[in-house]
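Okay, so here's the structure we're looking at.
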Amino acid sequence: MTFSRNNKANSSQRDASNDLGGPLPLQETSALGTEVTPVIEPGSRARAISGLWIPPLILIAVALIGLLVKNMDFARTEIHVSIWLSQHQLPGISHLAFAIAVVFSSTVATVIAVVTAIGIGVIYTIRRALSFLWLTVISWGGAAVIKPIVLRPRPQADLLYDPISPKTGVLSYPSGHTAFATALFLAIVFTLVSRKHRKLGLALAGVGILLVAASRVYVGAHFMTDVAAGATSAAASCWFALTLLTRRLRPHTERHRALPASNLDNQT
């Protein structure tokens, strides 16, 4: 019976700690299960503090750079890259770039995020699904806030040889497609990939982000600074959201670890 109760406590700990793909700061319990001493991870407090104030500064910097680039009319320099790409299109790459444009559009992206969250909830836990949604929405939101502040015009389609997915308007900076790809891939890594394989997961996420970013310039919808800003703003927002989420989950995990054996007996 005691073995069963201990299993329940350990299962609850793993559920809370693994929601972010790895354990939260550990605690040591005495043999009687009544004394709990926190084990402080070196630099964990500093990382938590930096995760709250550095990301907002990065978003402010991204917005200021966008205003600077817009007022300097840097598009006259960047448009040459878009023109060159429009003159050297390849059928296979063009089809892939168009598919990315559709899949990572705002409507389809929302459906993807919701379906992915439902799948995570069914396969794993509801808490992990909510963690995924939290990271995705907040990470994506960083770019959404900056867009109406900068109001940068999109590349002029009439200057391009054959734009695959030309856009009009003044919401070019940052790239929403790139921001969503960054938000989605990072959310998947931090909610589904264990700490042991975290570096590999981040590397693969980086490849996916670069692919989406390059496709947005290739189809003539964005400038290079747009996609760079989209990835940067989403990554900074993800850092901020992850910091808040970790602080929110830590008390839940520590509460289960702090339960003495007598309390576990009462809960069963």
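Note on Phe98: accessible area is roughly 110 Å² with a 1.4 Å probe, heavy atoms of protein only.
For Asp226, Asp73, Asp158, give me the order by solvent-accessible area with a 1.4 Å probe, most accessible first, ignoring ligands, DNA and RNA. Can you show the working numbers first?
Working: Asp226 0, Asp73 65, Asp158 125 Å².
Result of the area sort, largest leading: Asp158, Asp73, Asp226.
Taking the 1.4 Å solvent-accessible surface of region 166-212 as the whole, the part contributed by carbon and sulfur is 75%.
Can you tell me the accessible area per residue over region 39-167, all protein chains present, probe 1.4 angstrom, in square angstrom? On a per-residue basis, 59 Å².
The values are calculated or read from the model by the stated rules, or taken from the named source; none is laboratory data. Everything quoted here is computed from the prediction, not taken from an experiment. For accessibility, only protein heavy atoms count, side chains too; no ligands or nucleic acids. Shrake-Rupley method; radii C 1.70, N 1.55, O 1.52, S 1.80 Å.
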